[in-house]
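Participant: Quick one: structure below, then a few questions.
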Amino acid sequence: MSSIHTKTAFESIKRSPFQALSAILVLTLTFFVSTMMAVIVYSSNNLLKYFETRPQVIAFLKDEAKPEEVSALQNKLIADTRVKDVKYVSKEEALSIYKTATSDNPLLSELVSPTIFPASLEFSLSNLSFAQEIIDQVKKEPLVDQVGFTASLGGESTLNDVVSRLRTITMYLRVGGGVFVGLLAGTSFLVLVVIISMRMATRKGEIEILDLIGATPKFIRSPILIEALIYAFTGVFTGWVLAFLFWLYATPNLIKYFGEIPVMPQGMLDFFLLFLAILGGEIFIGSLLTFLGSMLAISRARKTR
Amino acid sequence: MIKFNNVSKSFGSIKALEDISFEVNKGEFVFITGPSGAGKTTLLRLLLREFTPDKGTITFESVDITKLDKNYIPTYRQKIGVVFQDYKILNERTVRENVEVALAVAGVPEASWPGRVAQVLKLVGLLNRAELFPNQLSGGEIQRTSLARALVINPKVILADEPTGNLDWETADAIMDLLEKINKEGKTIIMATHNEMIIDKYKKRSIKIKAGRIVSKEKLTDEPKTQPTEAPKVAEEVNEGKQEAKESKIEEKKKIKVKVEEV
């Protein structure tokens, strides 16, 4: 039975190809931008998560600190629910890290000895809002010389500034992206409603005949709904493919630029899974837009009959 | 089968029908006659449940259709085959597709369509016109397409609103012969017409309306002669058509096979 509706839908598209093309183009643009925004939001979330979870706080220990005292402080920090991933870094390890960091300039590493570098306790925080109070608390420990943080962006002087700046960027991305995508989705919805209404007007005579020979409302609206779904799926798929190709091309450069910060999925499988999840969401949104648009157009057409 | 009981209908200040009462039995062929504007079409539209009367009841197989829930109207209409004066054919579909639409509307499984369509087109003499569009047909052929569409769902009743109104006498006569043939197979037919020649020639019971009122209910023949419970021949022919279509498909496949072997 559905084949007759599908055939009617395709015939309708063939009869007015420019209406169909405009609907598909608007939907393609909407879902291209949606895919782009979804990936940007995903990357910014990863960026924020990276800074939130990397060892942000380093408590440099005094040279006279005894191993049992260090161990006691380490255990105290481990027991603190606000703190996670506590790690002891010895003087030798600190030198090794320094050497690795300055490997492109061997002269720098030759000039230093392990005694220059203090041992330290590095840890991250479960929530960065605790940062200042933890830092203040650790500073008061007798075996702690200085407390620093590794996250630094734009030269901010405190950890709170770094995090709040990252959060603001992420929030702007989410809100701005959401508003933009919302506006495009609204435009797509209106274009769909207009085009379906035009289709209904064109098929007015046919609908009246179908009504007289006993067609149910479902029978009458099925080809219209199928036609709108064809627009939506074509738009979703084309927009998604374009964005997918863009990110496929850009990801190696992004991974290279951001280094260890996992702004994009590192493996191919994860990359495809991310895009499949986006496609699934977009198909759902596309279907919803189509269904609501068709219903609105059909109910408006019925009122004017 | 169909009963109008004191039915009145007005459109604003215009009284289209007033106190209309009559009955139509199963298997009857009834003319609704009268001049233009008498209320014939309004009567048929009331029976098709396009709108409800202001007063009175209309029963179809003991069901008062004036009180029918709107969700059941499509199911009710599927029991009625309608032929309109202006044909109401889908111009962007072929003759075959126009007939198939009625089957799709009635929810008939697609597998049985070719047989039923072929049979009904054979009945109305349009089998060789099946793939033509309405703009490639004559008025009589379009009306026969409309009749084929009405018949293909094997309806209990056929409503024909001036089916010969736009046709010349010869074509109109051919359509009338077809309707008579269908009636003889047991279908109830209610036909609105103002064509005196047709009324005189076919001598059916005639309900004459003037200015919305019944002025006479003549019974010119001793109809209904038969009151069959089913519409056997059309149904049988439809099934035969199904078989024929199957056989022709097998034949076609055989021909293709032979051609392939030859290659």
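Participant: Among the residues of the stretch B:65-107, which ones are facing chain A (nearest Cβ under 9 Å) and among the acidic types (Asp, Glu)?
Facilitator: Within the stretch B:65-107, B:Glu92, B:Glu97, B:Glu100 meet the criteria.
Participant: When A:Arg82 is evaluated against the numbered criteria (1) touching a residue at least 24 places away in the same chain (Cβ under 8 Å); (2) of a type in the set (Lys, Arg); (3) out of contact with any helix residue (DSSP H, G or I) (no Cβ under 6 Å at 6 or more places or on another chain); (4) closer than 30 Å to A:Leu166 by Cβ, which criterion, by number, is the only one it fails?
Facilitator: (3)
Participant: Pairs under 6 Å by beta carbon, first residue assigned by TED's automatic domain parsing to the domain that holds A:Ser34 in the stretch A:244-256, partner part of a helix (DSSP H, G or I) and modelled with pLDDT of 90 or more, six or more apart or different chains?
Facilitator: Here the result reads A:Phe244/A:Phe275; A:Trp247/A:Val39, each pair linking the stretch A:244-256 to a residue that is part of a helix (DSSP H, G or I) and modelled with pLDDT of 90 or more.
Participant: Could I ask something else about it? Based on this model, can you work out whether A:Gly267 counts as more than 13 Å from chain B (Cβ to nearest Cβ), in contact with a Leu (Cβ under 8 Å, 6 or more places away or on another chain) and more than 29 Å from B:Val152 (Cβ to Cβ)?
Facilitator: Against the criterion (more than 13 Å from chain B (Cβ to nearest Cβ), in contact with a Leu (Cβ under 8 Å, 6 or more places away or on another chain) and more than 29 Å from B:Val152 (Cβ to Cβ)), A:Gly267 does not qualify.
Participant: Considering (1) surrounded by fewer than 16 Cβ atoms within 10 Å (Cβ to Cβ); (2) within 14 Å of the chain's Cα centre (by Cα); (3) without any contact (Cβ under 8 Å) to a residue 24 or more places away in the chain, say which one A:Pro265 fails and leave the rest.
Facilitator: Going through (1) surrounded by fewer than 16 Cβ atoms within 10 Å (Cβ to Cβ); (2) within 14 Å of the chain's Cα centre (by Cα); (3) without any contact (Cβ under 8 Å) to a residue 24 or more places away in the chain one by one, A:Pro265 breaks only (1).
Participant: Can B:Val82 be described as without any contact (Cβ under 8 Å) to a residue 60 or more places away in the chain and of a type in the set (A, V, I, L, M)?
Facilitator: Criteria not met by B:Val82.
Participant: Being within 14 Å of another protein chain (Cβ to nearest Cβ), within 15 Å of A:Met200 (Cα to Cα) and assigned to a helix (DSSP H, G or I) is the filter here; which residues of the stretch A:11-28 pass it?
Facilitator: A:Glu11, A:Ser12, A:Ile13, A:Arg15
Participant: Moving to a separate point now. Could you check the stretch B:43-64 and list, in sequence order, the residues that are charged (D, E, K, R), away from chain A (no Cβ under 13 Å) and not in a loop (DSSP other than H, G, I, E, B)?
Facilitator: B:Lys55, B:Asp64 - these are the residues of the stretch B:43-64 that are charged (D, E, K, R), away from chain A (no Cβ under 13 Å) and not in a loop (DSSP other than H, G, I, E, B).
Participant: Another question, then. What number of residues within the stretch A:94-141 satisfy the criterion of being β-branched (Val, Ile, Thr), surrounded by fewer than 15 Cβ atoms within 10 Å (Cβ to Cβ) and under 28 Å from A:Glu69 (Cβ atoms)?
Facilitator: Adding up the residues that qualify gives 4.
Participant: Which condition from (1) within 16 Å of B:Val30 (Cα to Cα); (2) in contact with a strand residue (DSSP E or B) (Cβ under 6 Å, 6 or more places away or on another chain) is the one that B:Ser146 breaks?
Facilitator: (1)
For every residue, the table says whether it meets (1) surrounded by fewer than 19 Cβ atoms within 10 Å (Cβ to Cβ); (2) among the charged types (D, E, K, R).
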site: B:Gln143; (1), (2): no, no
site: B:Ile153; (1), (2): no, no
site: B:Asp168; (1), (2): yes, yes
site: B:Ala174; (1), (2): yes, no
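Participant: Let me ask you something else. When you go through (1) part of a helix (DSSP H, G or I); (2) under 30 Å from A:Val263 (Cβ atoms); (3) free of Cβ contacts under 8 Å to residues at least 24 places away in the same chain one by one for A:Ser103, which number turns out not to apply?
Facilitator: With respect to (1) part of a helix (DSSP H, G or I); (2) under 30 Å from A:Val263 (Cβ atoms); (3) free of Cβ contacts under 8 Å to residues at least 24 places away in the same chain, A:Ser103 is out only on (1).
Participant: Oh, and also: Kindly state which helices (runs of 4 or more DSSP H) lie completely within the stretch B:96-208 and contain at least 3 residues that are touching a Pro at 6+ places or on another chain (Cβ under 8 Å) and modelled with pLDDT of 90 or more.
Facilitator: Result: B:139-152.
Conditions tested, residue by residue: (1) at pLDDT 85 or above; (2) more than 14 Å from chain B (Cβ to nearest Cβ).
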position	(1), (2)
A:Ser197	yes, yes
A:Thr202	no, no
A:Ile209	yes, no
A:Ala232	yes, yes
A:Leu242	yes, yes
A:Leu245	yes, yes
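Participant: Would you be able to say whether some residue in the stretch A:39-62 is under 18 Å from A:Ala232 (Cβ atoms), more than 14 Å from chain B (Cβ to nearest Cβ) and either touching a helix residue (DSSP H, G or I) at 6+ places or on another chain (Cβ under 7 Å) or buried (at least 20 other Cβ atoms within 10 Å of the Cβ) (or both)?
Facilitator: For the stretch A:39-62, residues under 18 Å from A:Ala232 (Cβ atoms), more than 14 Å from chain B (Cβ to nearest Cβ) and either touching a helix residue (DSSP H, G or I) at 6+ places or on another chain (Cβ under 7 Å) or buried (at least 20 other Cβ atoms within 10 Å of the Cβ) (or both): absent.
Participant: Answer yes or no: is there a residue in the stretch A:225-244 that is surrounded by fewer than 13 Cβ atoms within 10 Å (Cβ to Cβ) and either among the aliphatic types (A, V, I, L, M) or assigned to a helix (DSSP H, G or I) (or both).
Facilitator: For the stretch A:225-244, residues surrounded by fewer than 13 Cβ atoms within 10 Å (Cβ to Cβ) and either among the aliphatic types (A, V, I, L, M) or assigned to a helix (DSSP H, G or I) (or both): absent.
The values are calculated or read from the model by the stated rules, or taken from the named source; none is laboratory data. Quick caveat, the model's predicted, so the values are computed rather than measured. Here Cβ is always computed from backbone atoms with ideal geometry, including for glycine, and neighbour counts include all displayed protein chains.
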